[in-house]
Amino acid sequence: MNQDGRVILVAGFTGSGKSAWVIQRCHRATRLLVWDSDQEWSKRGLLEPVYTIDELKQRLVEDIRRPGRLRLGYAGPIKLTLAARPPAAAKVVPLFPVFCRLAWTWIRSAPGKTVVVEELADVTTTGKAPDEWGQIVRKSRKHGADVYGLAQRPAEIDKTIVSNAAEIHTGFLAFPDDRIYIAKCLGVDVRDVEALKPLDFLHRNLRTQQLTRGRVQFR
């Protein structure tokens, strides 16, 4: 509880460099957990993937009991279909809330954690965040955790992360509605967002109000 964490919203269309920017920011993180739904981190060898929620739970419990270096990504399905006998229909269970409950327990065990959620639009909707994700977004800061939420379409994700973000970062956005939305979030003219090319970015630190313009550099 002695380290101040941050929530960072990262927006950008495919190929904008948003994941590359987050990967660079997290390359030294020794306590990292990623919702790796597209297996982007796993395929690059940036972390150790697990493919079931049971395995994820086991690894996080082990780490809570015996803390150490951990760079772990959940790279399994985002939903689980449970078979049912006729006439009952099969039940589809979303796994993101379960991931968040496990992540929240892990976050609270000690400060210094980093959690990354790829493709927020797949697991949240506009309006208030789902309860389990909302806990992380609203309360992780005081537990010393950094939380990154990534989205291709920022106008389609929950507003809880926007209202709790300490930093907002955007790359190139393809759709006008997203450009207008993120321009309001950043406090800039929409023409500044429209001018972004792939790999260009705008970044606002909302604590200091500093606005940074830059370009993702691949190392």
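Each reported figure results from applying straightforward, stated rules to the coordinates on display, with no laboratory input. Model, not experiment: these values are computed from the prediction. Backbone-built Cβ (ideal geometry, glycine too); neighbour counts: all protein chains shown.
Worth pointing out:
- Karplus-derived 3J(HN,Hα), 6.51/-1.76/1.60, for each residue of the range 184-195, Hz, glycine and proline x: 5, 5, 7, x, 10, 5, 4, 5, 5, 6, 4, 7
- Projected label points at Thr81 and Arg65, each 7 Å from Cα along the beta carbon direction, are separated by 3.6 nanometres.
- For the range 116-121, Karplus couplings with θ = phi - 60° (6.51, -1.76, 1.60), whole Hz, Gly/Pro x: 10, 10, 7, 6, 4, 5
- Cα centroid separation, the range 62-80 to the range 157-219 (Å): 30
- Inter-probe distance in nm under a simple model that places probes 7 Å from Cα toward Cβ, at Tyr51 and Glu132: 2.1
- Amide H within-cut-off set for Arg6, under 5 Å, with H built and near neighbours excluded: Ala145, Asp146, Val147
- With a cut-off of 16 Å on the backbone N, the residues of the range 107-138 near the modelled label site 7 Å out from Arg207 along Cα-Cβ are 111-115, 138.
- Long-range amide H partners of Val116 with built H, under 5 Å: Leu33, Val34, Trp35, Tyr148
- Building the convex hull from the alpha-carbon atoms of the chain and averaging its projection over directions returns 13.1 nm².
- Approximate spin-label separation Thr14-Lys43, in nm, with each point projected 7 Å along Cα-to-Cβ: 1.1
- Only lysine pairs 8 or more places apart or on separate chains count here, and in the chain those with Cα atoms under 17 Å apart total 11.
- Mean Cα-pair separation over length for the range 59-141, i.e. relative contact order, pairs under 8 Å, 6 or more apart, %: 25
- As a ratio to 2.2 N^0.38 Å, the alpha-carbon radius of gyration for the range 1-112 is 1.22.
- Once the Cα-Cα distance is subtracted from the 0.36 nm per residue extended length, the Ala174 to Ala195 segment shows a gain of 6.4 nm.
- Peptide packing for 126-139, 62-75 was compared via the average number of neighbouring C-beta atoms within 10 Å per residue; ordered from the highest value, the list is 126-139, 62-75.
- Full-stretch length increase - Phe218, Val98 - with 0.36 nm per residue and alpha-carbon distance subtracted: 39.8 nm
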